[in-house]
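Below is one structure; the comments refer to it alone.
The values are calculated or read from the model by the stated rules, or taken from the named source; none is laboratory data. Keep in mind the model is a prediction, meaning the values are calculated, not measured. Glycine also receives a Cβ, built like all others from the backbone with ideal geometry; neighbour counts cover every protein chain displayed.
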């Protein structure tokens with residue numbers, strides 16, 4: 001057909017290509033509309049970004065195969081955000097836009113929602129749920145027995161109950177569907193805010209008519225969530241929508257519970273634990289304005305919210321907000337971009353703010369609200385160092401720490417033991433020749449696991465059996481060196497046989513259901529020992545915990561990454577904040593071989609703010625972020641020479657400047673990972689425009705490089721680590 005005016009559409013297609021593609025359309029299409037097009041030998045779903053009168057393509061244009069939407073699924077503000085994200089992170093626009101769509105919409109499925117029935121036990125349900133034939137059926141009946149008002153399909157799915165299980169129970173006439181239950185919307189209860197909370201609420205509310213970034217720095221237990229709730233109430237009452245970002249799925253049940261008590265059915269949820277249809281349903285409900293509040297993890301930052309009036313990023317320092325593959329975005333920073341475009345405030349909340357956020361607050365780019373006291377009036381836990389140099393240790397535990405654990409358990413309290421290393425032991429060594437079990441694909445040792453028995457690489461997940469003898473010398477004396485959570489669990493169970501030891505790490509908590517069950521045990525407040533990794537430092541409320549013991553506080557002191565001390569301080573102080581949150585005073589004990597180290601001394605006082613100020617000055621002198629902007633161009637291949645040559649040739653395209661520091665190319669700190677050799681080129685500059693101009697030159701050169709297909713490369717803007 002003859003191409004008429006404005007019937008050429010420019011389409012963003014998912015994939016690595018950094019351009020838009022022109023197609024003929026029967027009629028002009030609005031930006032944000034999905035279309036199905038032929039691309040090579042494949043049929044792809046893309047998003048229309050623009051309609052133009054003429055194409056820059058000189059040859060004949062293919063036509064759009066199918067228009068999938070009657071109206072755009074992505075509104076102009078969201079399209080503009082995706083363009084900005086694509087430009088900032090130098091990621092292909094088509095692949096960036098795809099991140100704003102639920103999986104089903106990327107596949108070309110129509111807009112639709114999951115049917116949200118409320119399920120209840122019927123009159124024909126067995127007297128005992130244990131009479132059901134399958135584990136999931138018994139679990140479903142137990143849950144419905146505990147909730148006589150019924151649960152929605154989504155709520156049951158959060159506990160691992162599939163639609164197939166519900167169909168099976170319904171076929172037996174054991175459960176019945178009723179019209180969707182509506183949560184009763186509650187009014188804000190009478191709640192006396194502390195002076196610090198009230199000051200923060202009033203200050204934030206004075207800025208709700210325009211963009212402003214607020215850093216809410218409050219010690220653990222200071223009531224940051226109540227500040228969020230009070231501000232959100234005002235935003236929702238004004239008819240606006242609110243986005244609340246949280247770092248982990250594990251925080252969803254407790255966060256959702258508090259929000260639904262206050263806002264009823266106005267609260268939606270989105271995270272990776274949902275089915276594709278459930279995530280689409282939440283997406284559509286927000287797009288249509290049927291949900292005033294959305295609680296979600298990282299990717300929820302791209303959810304359409306046409307009446308957006310506030311964004312809250314809880315635990316804003318958390319590394320989970322940074323995506324490490326593909327589109328390497330930071331959800332916290334994208335949230336700020338989005339709030340700025342929407343002209344609404346954003347609240348960044350944390351007891352241990354990221355140095356970037358704190359630096360912006362100190363430079364008055366953000367409004368800074370500090371809450372230094374716990375909302376309940378309880379005292380902050382007392383902290384002290386245990387110098388274990390030359391001391392007798394029982395599998396890493398000093399005699400004094402063992403005595404303290406016994407005292408708290410005997411008083412009927414709970415103890416949290418923190419060790420950020422899973423497995424049984426980090427090293428398996430031959431006592432006779434010194435051989436160590438090392439991963440053949442990574443520059444790393446295998447970690448010894450006992451449950452189930454295996455040697456596992458925590459970098460590439462390679463696994464092998466535990467040898468019965470040394471493969472080098474044949475010796476049968478293989479020693480497990482170092483501590484992991486499995487080994488410490490055995491030790492604690494031996495030392496305190498009368499008390500349960502609950503281990504929480506990635507090995508034991510592989511499903512959300514198991515994690516929630518473990519948390520339910522802890523919330524019973526019966527005396528027990530809670531042992532785990534950084535999963536325990538994610539904002540959980542453990543009212544029964546009165547002692548927090550950090551077994552090895554030295555672990556992050558000598559990291560090769562310049563952010564190592566910052567991350568270590570955040571984890572340690574976050575987990576320390578779990579102590580003494582209720583009526584009983586809390587105590588924090590840090591075992592160390594380096595009590596004189598300034599970072600360890602700062603952790604003992606719990607003074608994160610003072611530690612951060614000193615560390616920020618060190619970063620300034622070293623010209624590291626946040627006093628400079630950083631990006632890393634990473635390359636990897638089967639051999640070391642190819643990525644080094646690739647980066648060296650790209651480096652020649654950079655224009656020398658005193659305002660641009662270039663480090664490398666050099667092998668990455670972990671040179672070999674998953675069988676591939678890794679190198680990196682690091683760029684630092686105080687000028688963000690200069691940094692991006694330099695990255696664009698590298699990007700252009702990389703796309704034209706003759707060996708680009710033999711080398712896997714990526715650009716990481718504002719990297720979270722240098723590994």
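Quick notes
- Selection status of residue 685, buried (at least 20 other Cβ atoms within 10 Å of the Cβ) and in contact with a helix residue (DSSP H, G or I) (Cβ under 7 Å, 6 or more places away or on another chain): yes
- Subset of the range 256-279 [crowded, with 19+ Cβ neighbours inside 10 Å and within 19 Å of residue 316 (Cβ to Cβ)]: 259, 270, 271
- Taken together, 335, 339, 300 contain a single residue that is under 18 Å from residue 103 (Cβ atoms) and assigned to a helix (DSSP H, G or I), which is 300.
- If you go through the range 608-654 and keep only what is closer than 19 Å to residue 574 by Cα and within 25 Å of the chain's Cα centre (by Cα), you end up with 608, 609, 611, 612, 615.
- Selection count where residues are in a helix (DSSP H, G or I) and either under 24 Å from residue 321 (Cα atoms) or in contact with a helix residue (DSSP H, G or I) (Cβ under 8 Å, 6 or more places away or on another chain) (or both), scope the range 220-249: 13
- The listed residue being out of contact with any strand residue (DSSP E or B) (no Cβ under 8 Å at 6 or more places or on another chain) and at pLDDT below 95, out of 380, 425, 354: 380
- Residues that are in the same structural domain as residue 391 (by TED's automatic domain parsing), at pLDDT 90 or above and surrounded by 13 or more Cβ atoms within 10 Å (Cβ to Cβ) number at least 3 in the following helices (runs of 4 or more DSSP H) confined to the range 576-661: 608-622.
- Strands (runs of 3 or more DSSP E) lying entirely in the range 398-470 (those with 2 or more residues that are in the same structural domain as residue 536 (by TED's automatic domain parsing)): 414-418
- Residue in the range 250-275 that is nearest to residue 321 (Cα to Cα), counting only those that are assigned to a helix (DSSP H, G or I) and at pLDDT 85 or above: 259
- Checking each residue in the range 280-313 for being more than 18 Å from residue 342 (Cβ to Cβ), touching a strand residue (DSSP E or B) at 6+ places or on another chain (Cβ under 6 Å) and surrounded by fewer than 24 Cβ atoms within 10 Å (Cβ to Cβ) picks out only 285.
- Qualifying residue in the range 314-332 (condition: out of contact with any strand residue (DSSP E or B) (no Cβ under 9 Å at 6 or more places or on another chain), at negative phi and in a loop (DSSP other than H, G, I, E, B)): yes
- For residue 200, the test of being under 30 Å from residue 373 (Cβ atoms), at pLDDT 80 or above, surrounded by 15 or more Cβ atoms within 10 Å (Cβ to Cβ) and outside the structural domain of residue 17 (by TED's automatic domain parsing) is passed.
- When we screen 80, 95, 69 for residues that are within 16 Å of residue 18 (Cα to Cα) and surrounded by fewer than 21 Cβ atoms within 10 Å (Cβ to Cβ), the only hit is 95.
- Remark: residue 233 falls outside the filter, which requires a residue to be free of Cβ contacts under 8 Å to residues at least 40 places away in the same chain and either buried (at least 19 other Cβ atoms within 10 Å of the Cβ) or more than 19 Å from the chain's Cα centre (by Cα) (or both).
- Of the residues screened, residue 62 is one that is in contact with a strand residue (DSSP E or B) (Cβ under 9 Å, 6 or more places away or on another chain) and modelled with pLDDT under 95.
Residues are listed down the side, and each one gets a yes or a no for (1) in contact with a helix residue (DSSP H, G or I) (Cβ under 6 Å, 6 or more places away or on another chain); (2) modelled with pLDDT of 95 or more:
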| site | (1), (2) |
| --- | --- |
| 299 | no, no |
| 302 | no, yes |
| 305 | yes, yes |
| 312 | yes, yes |
| 318 | no, no |
| 324 | no, no |
| 332 | yes, yes |
| 336 | no, yes |
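- The set of residues from the range 489-511 being in contact with a helix residue (DSSP H, G or I) (Cβ under 6 Å, 6 or more places away or on another chain), part of a loop (DSSP other than H, G, I, E, B) and under 14 Å from residue 533 (Cα atoms) comprises 505, 509.
- Hits in the range 72-105 (condition: over 22 Å from the mean Cα position of the chain (by Cα), closer than 24 Å to residue 38 by Cβ and in a loop (DSSP other than H, G, I, E, B)): 72, 73, 74, 92
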